[in-house]
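Written out below as structure tokens is the structure these notes cover.
What follows is calculated from the coordinates using simple rules that are stated; it is not laboratory data. Quantities reported herein were computed from a predicted structural model and do not represent experimental measurements. So basically every Cβ, Gly included, is an ideal-geometry build from the backbone, and we count neighbours across all protein chains shown.
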């Protein structure tokens, strides 16, 4: 399986960047992971950058505060189904300070919410990669998730 996380804005805080890198390395035990960081730009340019970063025939998930809320086991079930659906990749999109461009969000096959709170992109990215890693451990019955 290939997982792609596309986010706007570089993570500048060393501790958060290290934690993200740690979980990304853990995910790579289970799946090919591409982390794509887009520079912020006006909406039209950012939209084009998102579209360029999304592999063809992918299952695209927009992270939105009004998206579907899942438990960790629910996300694991969802990732497990995605592993077997025949798509080239499972792609998660994280917007910048102003969220995702509307057309990018509307073009996603699913919308997922990590919280009822609005999270800064760097924390959303950390939470997302931790939960993706947790999903893989749940699917394989490994002891990380309790």
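Using only the alpha-carbon atoms, how far is helix 14-27 inclined from the longest principal axis of the chain? Give it as 0 to 90 degrees, nearest 10. Roughly 50 degrees between the two axes.
At R0 = 25 Å, how high is the FRET efficiency between residue 40 and residue 110 if r is their beta carbon distance? Nearest 0.05 is fine. Mind dumping the intermediate values first?
On the way: r = 24 Å, r/R0 = 0.96.
It comes to 0.55.
What is the gain in length, in nm to one decimal, between residue 18 and residue 2 on full extension, counting 0.36 nm per residue of separation less the C-alpha to C-alpha distance?
Between residue 18 and residue 2, full extension yields 3.6 nm more.
Going by Cα centres, segment 77-98 and segment 101-143 are how many Å apart? Between the Cα centres of segment 77-98 and segment 101-143 lies a distance of 9 Å. Apply 1/(1 + (r/R0)^6) to the Cβ-Cβ distance of residue 144 and residue 65, taking R0 = 25 Å, and write down the FRET efficiency to the nearest 0.05. Calculated value: 0.40. So in the chain, what percent of DSSP beta bridges are antiparallel if you round to the nearest 5? Restricted to the chain, the bridges split so that about 5 percent are antiparallel. Against the chain, whose longest principal axis is taken from its Cα atoms, helix 121-139 shows a tilt of about 30°.
Each of residue 52 and residue 117 was given a label point 7 Å from its Cα along the Cα-to-Cβ line. The distance between the two points is 3.4 nm. Relative to one another, the C-alpha centroids of segment 48-65 and segment 7-27 are positioned 19 Å apart. For segment 2-139, the relative contact order is 37 percent, taking Cα pairs closer than 8 Å that sit 6 or more residues apart in sequence and dividing their mean separation by the residue count.
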